[in-house]
Amino acid sequence: PREIAMASFTAVLLRTDLRERIGFLDESFGTYYEDVEFGVRCRRAGLTGRYVPAATGVHEGSATAGAWSAFSVRQLSTNHARLVAKHWGKRHKWAVGVARVLWKSLVQRRGQQAVFPMFPVEQAGPLDFDDELIHALQQETGFDTFWRWYFRLVRL
């Protein structure tokens, strides 16, 4: 087991006192990125998670609307913009721009369109994630095309 910044809700167990301390999911997200936003709030509060390799789960893809459906692409694109506006603002503008260009390219190859609506930028303080750890994990597990280009372009 090791400490992690945040966990995906694909397979997660939460302490019972967490809801009182952090709140729960931001319902404005609906589906997609709501777990990431929750993790960001936990991180801001100084909380971390634990990765336990022996605990496994299988995620078969999007059960919400189907992989690469117009709904899924729209929600992912919208909520990415919502998350960035709420927690990062303009600090990581280059990395966010790179991710959006790569996402749009990936989505277009699947016959869909990604649109990133504008949300008011909130004044939450910036988060510093361990980019070197993220890069090392990608190297260890194997980069897919998206992440390989992302890390090349943002120079990590």
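The values are calculated or read from the model by the stated rules, or taken from the named source; none is laboratory data. It should be emphasised that the depicted structure is a prediction, and the values quoted were computed from it without experimental measurement. Cβ coordinates were reconstructed from backbone atoms using ideal geometry, including for glycine residues, and neighbour counts include every protein chain displayed.
In this structure, is residue 104 touching a helix residue (DSSP H, G or I) at 6+ places or on another chain (Cβ under 9 Å), without any contact (Cβ under 8 Å) to a residue 12 or more places away in the chain and not in a loop (DSSP other than H, G, I, E, B)? Spell out how you get there, then give the answer.
Numbers: touching a helix residue (DSSP H, G or I) at 6+ places or on another chain (Cβ under 9 Å): yes; without any contact (Cβ under 8 Å) to a residue 12 or more places away in the chain: yes; not in a loop (DSSP other than H, G, I, E, B): yes.
It is true that residue 104 is touching a helix residue (DSSP H, G or I) at 6+ places or on another chain (Cβ under 9 Å), without any contact (Cβ under 8 Å) to a residue 12 or more places away in the chain and not in a loop (DSSP other than H, G, I, E, B).
Taking region 1-24 only, how many residues are surrounded by 14 or more Cβ atoms within 10 Å (Cβ to Cβ) and in a loop (DSSP other than H, G, I, E, B)?
5
Which of the residues spanning region 33-53 are of a type outside the set (D, E, K, R) and assigned to a helix (DSSP H, G or I)? Step through it out loud before you land on a result.
The first filter runs over region 33-53 and keeps only residues of a type outside the set (D, E, K, R), leaving 33, 36, 38-40, 42, 45-49, 51-53.
Across region 33-53, the qualifying residues are 36, 38, 39, 40, 42.
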Scan region 84-101 and give yes if some residue there is over 21 Å from residue 29 (Cβ atoms) and aromatic (Phe, Trp, Tyr), otherwise no.
yes
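Restrict the check to region 112-128 and report whether at least one residue is of a type in the set (S, T, N, Q), over 21 Å from residue 151 (Cβ atoms) and at pLDDT 85 or above.
no
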